[in-house]
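The next block holds one structure in the form of structure tokens; read it before the comments.
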Amino acid sequence: MQRRDFLQLAAAGSASWLAAHVMADELPMVVAGTDHAAMGHSMPQMASPVTGGGMPPLPAGEPLPALPRLGNETLDAGKFRAALTAAPVDAALWGDARQTTFWAYNGSLPGPLIELWEGDDVDISFANQLAQPTTIHWHGMPVPAEQDGNPHDPVAPGGRRQYRFTLPEGSAASYWYHPHPHGHTAEQAFRGLAGAVIVRSKHDPLRHLPEQHLLLSDLKLDAAGQVAANDMADMHDGREGQYVLINGAWQPMIPLAQGERQRWRIWNATSSRIFKLALPAHDVLLVGTDGGLLEQGHPVESVLLPPGGRVELVVTGRFRAGAQAGLISQPYRRGKMMHPEQATDEVLASIMQHGMKPTLALPARLRPLPPLGEPGFRRRIELSENMADPKAMFLINGRSYDMNRIDGTGKVGRIEEWEVQGNAHMDHPFHLHGTQFQVLARTVDGVWEDEPFLAWRDVVNVAANESVRLRFVQSLPGLRMLHCHILEHEDQGMMAQIDFLAE
Ligand SMILES: [Cu+2]
């Protein structure tokens, strides 16, 4: 793609179809589109997926849409009050009369960004206008178990509930919210129900940097241009559609100046894609993971981002000649059996050089991140597959999820050490609710290797035949889910639950 095309696109100021934000119970979302062909932006270096039935590719190359924000309905200091509604909504993907039906929070794809502060008292009024039960799970956030959208607490079709929690000091990070009803999580998420949460700290050492927010989602369309149902390959390998969207736009354009430093928060809200993210033409520091900032930034060539996971990067515009200027996902083999593995770099976003800027300084240390102490309890978690039983194919400790069975008990405040073993053919990204963990070590070809640095995470990719050792503390009592974050695997039973008891 030539630079003048970028400029042309930027000048056109085309509204992304998903950037528009309408209430679900108002008019269906109709957004003025751009004439894709007339703009002449053939993108030779980018794949052009064409859906079955001759639907043209989605428009690409438009400026990255900003995530719409969920407004705070109160002016009271330290309080956040708002309402979320899950409902069907129609979107004009091609900017013409064709409508594609999604399920969305407040009519927005992805859902509105919820910006909070440490210490906030949060009260969100939720209405379910879907034809299925649903919940809102506050992925990664330290919220009480009964407020965390467990499958045991469904909101019936037409029903409502309040989600209330208070954010502790030290919880600043990038989180997200998505449904977690038993057996319907994947479908509700891939039809559009996912949104970002940012919890901010008043002592943020990177608050001087401009921020970019990139929420990655997967879109699979059928021959009629509607969101496709999962097929057998999706159920097995995890869903992968024709498109990876960022903030609802396909292959958007991000402006960046030579020398400019930006803080990028990236969310993987896909069902199953494991991204190996890279920005080959630029300098990239990994500064944060699921649970917030690291102790210090680490220069990286690429970052593996499993489904459910988040990273924070400091990107410095360099535009090195000969290197792909965009944000790409490099090939990564995750053991799929039915879908082809990614063979070449996939361009997720283009980056347009937009002038020159001074390079802002970074602090040498971001925050303390001390190791957790010695564990008071150890557990082994085995992730496995049984291809012979289509009703219980994906297992945790040899069992398929049963909502009425407690798989173990723990204690609030006690350090636990888990060895999570991938006794499987595929990678299974492991997620634990209610807290953040530290990965201490993992096996490489059967040999334990210490992690190069500590980080707070709530998802860790467990590759085939890999083991991961991690530690955590639950500070609130209640039933906490642990599961594979390939949402199709979770729905098929690759989930368990542990009851953490107050002392
Ligand atoms: Cu899995």
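Data for the structure
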{"quantity": "Selection within segment 264-317 - under 19 Å from residue 348 (Cβ atoms) and among the charged types (D, E, K, R)", "calculated": "265, 273, 276, 283, 301, 310, 312"}
{"quantity": "Any hit, segment 247-265, residues being within 16 Å of the ligand (Cβ to nearest atom) and in contact (Cβ under 8 Å) with a residue 60 or more places away in the chain", "calculated": "no"}
{"quantity": "The listed residue being part of a strand (DSSP E or B) and open to solvent by 10 Å² or more (accessible area, probe 1.4 Å), out of 285, 216", "calculated": "285"}
{"quantity": "Condition check for residue 264: of a type in the set (A, V, I, L, M, F, W, C) and open to solvent by less than 10 Å² (accessible area, probe 1.4 Å)", "calculated": "yes"}
{"quantity": "Search result, residues across segment 459-495 that are open to solvent by 10 Å² or more (accessible area, probe 1.4 Å) and touching a strand residue (DSSP E or B) at 6+ places or on another chain (Cβ under 7 Å)", "calculated": "461, 463, 464, 465, 466, 467, 469, 471, 477, 478, 479, 492"}
{"quantity": "Some residue of segment 303-322 being free of Cβ contacts under 8 Å to residues at least 60 places away in the same chain, open to solvent by less than 10 Å² (accessible area, probe 1.4 Å) and over 22 Å from residue 172 (Cβ atoms)", "calculated": "yes"}
{"quantity": "Segment 229-240 - residue that is more than 24 Å from residue 67 (Cα to Cα) and open to solvent by 10 Å² or more (accessible area, probe 1.4 Å) and, of those, farthest from the ligand (Cβ to nearest atom)", "calculated": "229"}
{"quantity": "Enumeration of residues in segment 391-407 that are away from the ligand (no atom under 13 Å from the Cβ) and either open to solvent by 60 Å² or more (accessible area, probe 1.4 Å) or more than 17 Å from residue 478 (Cβ to Cβ) (or both)", "calculated": "391, 392, 397, 398, 399, 402, 403, 404, 406"}
{"quantity": "Qualifying position, being more than 29 Å from residue 170 (Cβ to Cβ), in contact with a Leu (Cβ under 8 Å, 6 or more places away or on another chain) and of a type outside the set (A, V, I, L, M, F, W, C), among 423, 465, 461", "calculated": "423"}
{"quantity": "Test: residue in segment 444-458 that is farther than 20 Å from residue 413 by Cα, part of a strand (DSSP E or B), open to solvent by less than 40 Å² (accessible area, probe 1.4 Å) and touching a strand residue (DSSP E or B) at 6+ places or on another chain (Cβ under 6 Å)", "calculated": "no"}
{"quantity": "Selection status of residue 474, within 13 Å of the ligand (Cβ to nearest atom) and at pLDDT 95 or above", "calculated": "no"}
{"quantity": "Candidates 263, 273 - the one that is of a type in the set (D, E, K, R) and part of a loop (DSSP other than H, G, I, E, B)", "calculated": "273"}
{"quantity": "Residues within segment 479-503 that are within 12 Å of the ligand (Cβ to nearest atom) and among the small types (Gly, Ala, Ser), tallied", "calculated": "1"}
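The values are calculated or read from the model by the stated rules, or taken from the named source; none is laboratory data. Computed from a predicted structure; not experimentally measured. Positions of Cβ are generated from backbone atoms using ideal geometry, with glycine treated the same way; all protein chains shown enter the neighbour counts. Please note that ligands, DNA and RNA were not included when accessible areas were found on the heavy atoms of the full protein model with its side chains. Shrake-Rupley method; radii C 1.70, N 1.55, O 1.52, S 1.80 Å.
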